[in-house]
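Enquirer: Next up is a structure, given as structure tokens.
The values are calculated or read from the model by the stated rules, or taken from the named source; none is laboratory data. The structure displayed is predicted, hence computed values, not measured ones. FYI the Cβ positions are ideal-geometry reconstructions off the backbone, even for glycines, and counts take in every protein chain you see. All accessible areas refer to the heavy atoms of the entire protein, side chains included, with ligands and DNA or RNA removed. Shrake-Rupley method; radii C 1.70, N 1.55, O 1.52, S 1.80 Å.
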Amino acid sequence: MKTQKKSSEIKTEREMKSLQLEEEIAKEQINFANEEIARLEKVIETKQGLIEGQKSSIAAAESKTEEIKSEVDKVLTDINNERQKVFVKKDKLISDMNQKGLSFYQKIRRWAKNTTAVAVIDQACYGCFLTINDKTYADVIKGEEITTCPHCGRILYIDNEEEVTA
Ligand SMILES: [Zn+2]
């Protein structure tokens, strides 16, 4: 509209032509700008598609991470529960063992006094000085259980500094 109004005021043909040329150029520039807009819109669309794709990849990775985390948590909980059970068992075993060992020791101590537990030297009980049989000797060496002298009943142990032969 602005151009029309302008055209009516033009006096010479030359000025008219010059305006028409300007109008052509302006139209061309508008066309070019529109094409550029269309091109950029396509680019935006493509990029948005890529972003959507990335977003869904991230979401998938996040849910996988959550899944793994909850699996690990579950395993850790199980391990802790098992550990707790083992602790309780261990405490009970220790207290049972100590009770048994203590009362056993005290029973012998009533008569054996300071020689309740004696060393075995040259396969002989160092309480009664009698030779002990091979099986008892082997048991003392193994040291898995409390072994007593078959002759006097004292608790036997191997004094590692005295006895190194087996
Ligand atoms: Zn003995």
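Enquirer: To the nearest 0.05, how large is the calculated FRET efficiency for residue 104 and residue 76 if R₀ is 35 Å and r is the Cβ-Cβ distance?
Expert: My answer for the efficiency is 0.25.
Enquirer: Average projected area of the Cα convex hull of region 19-72, in nm²? Kindly include the intermediate steps, with their values, before the conclusion.
Expert: Numbers: hull surface 14.8 nm².
If you wrap the Cα atoms of region 19-72 in a convex hull and average its projections, you get 3.7 nm².
Enquirer: Moving on. For region 25-53 and region 66-81, write down the distance between their C-alpha centroids in whole Å.
Expert: Using only Cα atoms, the two centres lie 51 Å from each other.
Enquirer: Something else: Beyond 20 Å, what share of the Cα-Cα pairs of region 7-143 is found? Please give it as a whole percent.
Expert: Values: 7376 of 9316 pairs.
So the pairs more than 20 Å apart make up 79 percent of the total in region 7-143.
Enquirer: Another question, if that's okay. Using θ = phi - 60° and the Karplus form 6.51 cos²θ - 1.76 cosθ + 1.60, what ³J(HN,Hα) does each residue of region 68-79 get, whole Hz, x for Gly and Pro?
Expert: 4, 4, 5, 5, 4, 4, 5, 4, 4, 4, 4, 4
Enquirer: What pairs from 85/135; 92/113; 64/90; 107/142 go past 27 Å between their alpha carbons? Walk me through the numbers before you get to the answer.
Expert: On the way: 85/135 37 Å; 92/113 29 Å; 64/90 39 Å; 107/142 24 Å.
Pairs exceeding the cut-off: 85/135; 92/113; 64/90.
Enquirer: Quick check for you: with a 1.4 Å probe and neighbouring chains kept, what is the accessible area per residue of the chain, in Å²?
Expert: Value returned for the chain: 85 Å² of accessible area per residue.
Enquirer: For residue 61 and residue 40, what is the calculated FRET efficiency with R₀ set at 22 Å and r taken between the beta-carbons, to the nearest 0.05?
Expert: Values: r = 31 Å, r/R0 = 1.40.
In this case the efficiency is close to 0.10.
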